[in-house]
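Enquirer: Below is a structure I'd like to ask you about.
The values are calculated or read from the model by the stated rules, or taken from the named source; none is laboratory data. Please read these numbers as outputs of a predicted model, since none were measured by experiment. Cβ coordinates were reconstructed from backbone atoms using ideal geometry, including for glycine residues, and neighbour counts include every protein chain displayed. All accessible areas refer to the heavy atoms of the entire protein, side chains included, with ligands and DNA or RNA removed. Shrake-Rupley method; radii C 1.70, N 1.55, O 1.52, S 1.80 Å.
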There are 2 protein chains.
Amino acid sequence: MSAHIFVVEDEKPILTLLTYNLEKEGYKVSSSSNGEEALPLIKEKKPDLVLLDWMLPDLSGIKICQYLKQDEKVKNIPVIMLTAKGEEEDKVKGLNTGAEDYITKPFSFPELLARIKSLLKRVKPNIVSEEATYLDLKIDRESMKVFRKEKEISLGPKEYKLLDFLIKQPKRVYSREQLLEHVWGDDINVESRTVDVHITRLRQSINIEGAKPLIRTVRSAGYSLEN
Amino acid sequence: MSAHIFVVEDEKPILTLLTYNLEKEGYKVSSSSNGEEALPLIKEKKPDLVLLDWMLPDLSGIKICQYLKQDEKVKNIPVIMLTAKGEEEDKVKGLNTGAEDYITKPFSFPELLARIKSLLKRVKPNIVSEEATYLDLKIDRESMKVFRKEKEISLGPKEYKLLDFLIKQPKRVYSREQLLEHVWGDDINVESRTVDVHITRLRQSINIEGAKPLIRTVRSAGYSLEN
DNA sequence: TAAATATTTAACAAATCTGTAACATTACTC
DNA sequence: GAGTAATGTTACAGATTTGTTAAATATTTA
């Protein structure tokens with residue numbers, strides 16, 4: 001499964017070059033040479049990574065980045081900013097926009113590629129596929145069905161979300177707070193012990209005869225999907 | 001593996017504060033309060049980042065930065081300059097020296113920390129890596145598991161934290177007080193002898209048949225992860 | 001070598017953390 | 001609108017972890 005990269009760049013030669021090279025590397029590329037139209041497109045398409053020219057003519061890259069990083073739904077998409085040489089002083093300003101990386105134009109493509117890969121590796125959990133499995137557990141996100149050993153299991157909405165989240169990085173341990181943030185949403189105000197209860201319910205649901213328990217408790221730390 | 005930061009600052013209180021706080025965050029810190037001696041030291045030690053006072057008495061920070069940025073071997077080390085308030089207008093001048101960031105004194109430590117992290121992220125994308133090893137000991141921070149010779153070891157929360165901290169800089173000796181601060185947290189009030197007990201427990205946990213002891217006691221000084 | 005100093009370890013009580021049942025409340029379905 | 005399902009909270013039992021103490025052991029000093 002390949003990552004989807006969104007490029008916002010008004011300099012056509014650069015855009016063409018980037019698109020060409022990135023696609024050659026196997027990435028799916030979308031682009032816009034116009035800041036104003038880029039923002040809604042990014043929110044709609046939810047790419048895995050955004051390459052953003054610092055100084056776009058209409059809506060500047062800095063602004064776009066700020067908007068993205070303020071929006072709950074897309075703030076986790078990593079952003080690499082392309083800053084031209086003369087704008088280097090603005091780097092400091094850029095720190096506060098929350099972009100994950102900066103590259104000064106003109107840049108070497110291999111370097112860019114390395115940085116892209118490095119970032120994508122870190123946000124792997126955001127790259128979701130239609131189907132995920134862990135051992136004998138399978139989740140089909142299209143039909144929203146869950147199977148254990150080929151047998152369908154019925155989960156409540158929250159249990160489904162919880163599993164959906166945990167299975168993205170099965171072995172990673174998440175704190176109750178992290179789970180609340182990602183599964184419940186961070187504005188919500190819910191006791192962290194509530195997570196325990198839902199974990200218990202999820203455990204009961206996915207537990208079938210003759211199968212291992214799949215959720216690990218890590219004392220004073222949290223939970224992970226693992227046995 | 002933790003990042004190495006070099007601080008050049010002639011104001012002793014600031015230098016002390018910085019060193020203290022940075023080490024508390026787990027960074028390795030070297031320093032110099034003298035510009036002339038700093039330059040060769042930086043070239044020799046090749047830290048991951050340099051914090052540089054703008055106006056040093058002998059050899060100014062600007063000069064040092066210029067020299068660093070002209071030297072092929074160290075030009076890639078990011079530099080953060082600490083400018084005093086009155087010197088703010090000189091920022092523009094400073095930009096040409098190639099420093100990566102500027103902070104005006106007095107500064108808030110959390111802000112400095114954020115900038116350091118942001119810079120380090122670019123240079124060393126995974127400075128606090130998800131995995132650390134020392135000899136036959138491995139700690140996976142993602143799943144929060146510890147292995148000795150490929151075999152999983154189960155640790156209590158505090159033991160895990162202790163090891164997690166010690167392994168960031170193996171061989172470095174930490175006093176009981178330092179360990180209390182880093183592993184327990186500094187508001188807490190716990191006897192320093194308690195550290196001994198936890199070290200003992202950690203020793204027992206990570207000690208498996210036919211493997212060397214990995215924690216060294218340094219009499220009247222503290223402990224280190226070393227054999 | 002004895003005394004002084006420092007560290008290791010076992011034992012135990014106190015504190016903390018987790019699992020789950022029970023219940024109240026809210027949201028949804030027909 | 002009644003009935004059903006889902007959700008969040010609380011309470012409590014049981015399990016694990018933690019800090020302290022004190023005695024045993026080790027190391028240094030005089």
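Enquirer: If I ask for residues that are in a loop (DSSP other than H, G, I, E, B) and touching an Asp or Glu at 6+ places or on another chain (Cβ under 9 Å), which ones from segment B:28-57 would you list? Working first, answer last.
Expert: As a first pass, look at segment B:28-57 and keep what is in a loop (DSSP other than H, G, I, E, B): B:33-34, B:46-48, B:54-57.
Correct list: B:S33, B:N34, B:W54, B:M55, B:L56, B:P57.
Enquirer: Restrict the check to segment A:174-192 and report whether at least one residue is free of Cβ contacts under 8 Å to residues at least 24 places away in the same chain and within 9 Å of DNA strand C (Cβ to nearest atom).
Expert: Yes: segment A:174-192 contains one or more residues that are free of Cβ contacts under 8 Å to residues at least 24 places away in the same chain and within 9 Å of DNA strand C (Cβ to nearest atom).
Enquirer: Another one. For segment B:33-44, give me the residue count where each residue is surrounded by 14 or more Cβ atoms within 10 Å (Cβ to Cβ) and under 20 Å from B:R172 (Cβ atoms).
Expert: 1
Each row is one residue, and each column tells you yes or no for (1) open to solvent by 10 Å² or more (accessible area, probe 1.4 Å); (2) within 26 Å of A:I116 (Cα to Cα); (3) modelled with pLDDT under 75; (4) more than 10 Å from every other protein chain (Cβ to nearest Cβ).
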site	(1), (2), (3), (4)
B:L51	no, no, no, yes
B:N76	yes, yes, no, yes
B:T104	yes, no, no, yes
B:L113	yes, yes, no, yes
B:S129	yes, yes, yes, yes
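Enquirer: Report, by residue number, each residue of segment A:154-202 that is over 16 Å from A:R219 (Cα atoms), open to solvent by less than 60 Å² (accessible area, probe 1.4 Å) and more than 12 Å from DNA strand D (Cβ to nearest atom).
Expert: A:D164, A:F165, A:L166, A:I167, A:Q169, A:P170
Enquirer: Among the residues of segment A:198-227, how many are at positive phi and more than 14 Å from chain B (Cβ to nearest Cβ)?
Expert: Going through segment A:198-227 one residue at a time, the tally reaches 1.
Enquirer: Next question, about the same structure. Does A:E152 meet the test of being modelled with pLDDT of 75 or more and part of a loop (DSSP other than H, G, I, E, B)?
Expert: Details: modelled with pLDDT of 75 or more: yes; part of a loop (DSSP other than H, G, I, E, B): no.
Against the criterion (modelled with pLDDT of 75 or more and part of a loop (DSSP other than H, G, I, E, B)), A:E152 does not qualify.
Enquirer: Pull out all pairs, ordered by first then second residue, where Cβ-Cβ is under 6 Å, the residues are six or more apart or on different chains, the first lies in segment A:39-63 and is closer than 17 Å to A:N21 by Cα, and the second is open to solvent by less than 30 Å² (accessible area, probe 1.4 Å) and of a type in the set (F, W, Y).
Expert: Close Cβ pairs satisfying both conditions: A:V50/A:F6.
Enquirer: Give segment A:141-153 a look and list any residue that's free of Cβ contacts under 8 Å to residues at least 60 places away in the same chain and either open to solvent by 90 Å² or more (accessible area, probe 1.4 Å) or over 17 Å from the mean Cα position of the chain (by Cα) (or both), or say none.
Expert: A:E142, A:S143, A:M144, A:K145, A:F147, A:E150, A:K151, A:E152, A:I153
Enquirer: Also, quick follow-up: Being within 11 Å of DNA strand D (Cβ to nearest atom) and either within 28 Å of B:E150 (Cβ to Cβ) or touching a strand residue (DSSP E or B) at 6+ places or on another chain (Cβ under 9 Å) (or both) is the filter here; which residues of segment B:203-220 pass it?
Expert: Scanning segment B:203-220 gives B:S205, B:T217, B:V218.
Enquirer: Another question, then. Mind checking which residues of segment B:136-149 are part of a loop (DSSP other than H, G, I, E, B) and away from DNA strand C (no atom under 16 Å from the Cβ)?
Expert: From segment B:136-149, those part of a loop (DSSP other than H, G, I, E, B) are B:136, B:141-144, B:149; that's our starting set.
The answer is B:D136, B:R141, B:E142, B:K149.
Enquirer: Please state which of the following conditions B:T97 fails to meet, knowing it meets all the rest: (1) farther than 16 Å from B:L120 by Cβ; (2) at pLDDT 85 or above; (3) in contact with a helix residue (DSSP H, G or I) (Cβ under 8 Å, 6 or more places away or on another chain).
Expert: Checking B:T97 against (1) farther than 16 Å from B:L120 by Cβ; (2) at pLDDT 85 or above; (3) in contact with a helix residue (DSSP H, G or I) (Cβ under 8 Å, 6 or more places away or on another chain), the one that fails is (2).
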